[in-house]
Amino acid sequence: VWDIRNPSKSVAVIKGEIAAIRSVKFNENGSVLGLSEAADFLHLVDVGKNFEQKQVVDVFGEISGFCFTPDAEGLFLGINDGNFGGLMEFERIHHGPLSQYF
């Protein structure tokens, strides 16, 4: 991740679990950066915590895509698998200083 104001130095390096990162998106208010791998994993990184805190969602099957809701309180995750495909919906849960998608 780079800050365009200083492209000579990266802000953070976020690695995948098993596959290349296929899609990268910020939520509507810019507080969460979502990164999906081609298979099995969606990473949700807290931008406000200098990219150091993240939640990893582990699913079964190829990830076809994801998107955040306009209010930044939920997300949808598409699964493309011959046996277990579908659409999953996650809602943000607030517990004190920690927010997660469940």
Need pairs with beta-carbon distance below 9 Å; first residue open to solvent by 10 Å² or more (accessible area, probe 1.4 Å) and within the range 28-50, second of a type in the set (Ser, Thr, Tyr) and modelled with pLDDT of 90 or more; sequence gap 6+ or separate chains.
28/69; 35/23
Whether any residue in the range 58-65 is without any contact (Cβ under 8 Å) to a residue 24 or more places away in the chain, among the hydroxyl-bearing types (Ser, Thr, Tyr) and either under 18 Å from residue 93 (Cα atoms) or open to solvent by 50 Å² or more (accessible area, probe 1.4 Å) (or both) is what I want to check.
yes
Working carefully through the options 6, 80, find the one that is surrounded by fewer than 14 Cβ atoms within 10 Å (Cβ to Cβ) and touching a Ser or Thr at 6+ places or on another chain (Cβ under 7 Å).
80
Of all residues making up the range 83-94, the number that are more than 20 Å from residue 46 (Cβ to Cβ), surrounded by 12 or more Cβ atoms within 10 Å (Cβ to Cβ) and of a type in the set (A, V, I, L, M, F, W, C):
1
So which residues in the range 15-27 are part of a loop (DSSP other than H, G, I, E, B), within 18 Å of residue 78 (Cα to Cα) and either open to solvent by 60 Å² or more (accessible area, probe 1.4 Å) or touching a residue at least 40 places away in the same chain (Cβ under 8 Å) (or both), if there are any at all?
20, 27
Of all residues in the range 34-52, which are assigned to a loop (DSSP other than H, G, I, E, B) and under 12 Å from the mean Cα position of the chain (by Cα)?
51
List, please: which pairs have Cβ atoms under 8 Å, are six or more places apart or on different chains, and start with a residue in the range 71-88 that is of a type in the set (A, V, I, L, M, F, W, C) and end with one that is open to solvent by 80 Å² or more (accessible area, probe 1.4 Å) and in a loop (DSSP other than H, G, I, E, B)?
72/28; 72/29
Tell me whether the range 1-14 contains one or more residues that are more than 20 Å from residue 91 (Cα to Cα), acidic (Asp, Glu) and at pLDDT 90 or above.
no
Run residue 12 past the list (1) in a strand (DSSP E or B); (2) open to solvent by less than 70 Å² (accessible area, probe 1.4 Å); (3) in contact (Cβ under 8 Å) with a residue 12 or more places away in the chain and report the number of the one that doesn't hold.
(1)
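The values are calculated or read from the model by the stated rules, or taken from the named source; none is laboratory data. Every value quoted in this text rests on a predicted model; they were computed, and no experiment measured them. Note that each Cβ is placed from the backbone with ideal geometry, even for glycine, and that neighbours are counted across all protein chains shown. Heavy atoms of the whole protein, side chains included, go into the accessibility calculation; ligands, DNA and RNA do not. Shrake-Rupley method; radii C 1.70, N 1.55, O 1.52, S 1.80 Å.
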